[in-house]
Amino acid sequence: MEKTNKSISGFLITFLALMGFWLLLSGYYDLAHISMGVVASLLIAYITHDLFLRRSGLDGLHIEVFRFSRYIFWHLTEIIKANINVAKIVLNPNLPISPTFVKHSPDLEKGMAITVFGNSITLTPGTLTVNVDEDNDIYIHCLTSDHYQEMVESGMEERVKHIFREDED
């Protein structure tokens with residue numbers, strides 16, 4: 001089977017991302033550790049490179065990466081705020097929780113956008129994505145009913161939509 005430029009580029013980008021992550025997390029820069037990182041990154045990149053970049057070309061990739069990077073920093077601040085909020089609830093002697101399930105119908109079309117949105121909900125303390133049905137409705141478990149409202153008001157969905165250019169015509 002002949003490799004295309006897209007496939008080779010996807011493989012290289014996936015390998016470099018994985019190798020960079022390996023180096024960042026391992027903290028060891030001797031020959032043995034770097035060699036293990038190269039072997040693991042090559043193997044994983046070979047198996048998954050078509051999953052990491054699903055596009056007809058690499059046009060606009062830098063914009064998506066920039067938007068996603070900004071989103072990650074924004075989401076980290078939201079996670080910190082939610083952690084403080086959940087800590088206040090748990091440490092309150094009255095334990096003011098009101099667990100609830102909510103059905104949310106996001107205005108997202110791309111599968112990757114829905115996945116990022118669902119994972120972002122799960123990563124945020126106090127909320128958990130329980131299911132995504134065939135109509136892309138997301139079922140969310142919230143520690144309190146306020147958590148769902150705070151998630152909606154935070155603009156998370158609009159930010160995810162912006163990453164994947166679903167807000168552009």
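The values are calculated or read from the model by the stated rules, or taken from the named source; none is laboratory data. Note that the structure is predicted; figures quoted are calculated from it, not measured. Glycine gets a Cβ as well: all are built from the backbone with ideal geometry, and neighbour counts include every protein chain shown. For the accessible areas, the whole protein counts, side chains as well, though only heavy atoms, and no ligand, DNA or RNA atoms are used. Shrake-Rupley method; radii C 1.70, N 1.55, O 1.52, S 1.80 Å.
Data table
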| item | result |
| --- | --- |
| Unique match (being open to solvent by 20 Å² or more (accessible area, probe 1.4 Å), more than 24 Å from K88 (Cβ to Cβ) and out of contact with any His (no Cβ under 7 Å at 6 or more places or on another chain)) among V102, V132 | V132 |
| The stretch 8-60, subset at pLDDT below 90 and of a type in the set (V, I, T), residue nearest to M112 (Cα to Cα) | T48 |
| Test: residue in the stretch 141-155 that is assigned to a strand (DSSP E or B), at pLDDT 95 or above and surrounded by 17 or more Cβ atoms within 10 Å (Cβ to Cβ) | yes |
| Single residue of A82, A87 found to be over 14 Å from the mean Cα position of the chain (by Cα), at pLDDT 90 or above and open to solvent by 40 Å² or more (accessible area, probe 1.4 Å) | A87 |
| The stretch 94-140, residues that are in contact (Cβ under 8 Å) with a residue 24 or more places away in the chain and part of a strand (DSSP E or B) | T100, F101, V102, K103, H104, T127, V130, I138, Y139, I140 |
| Criterion: modelled with pLDDT under 90 and under 15 Å from R159 (Cβ atoms) - qualifying residue of S69, S120 | S69 |
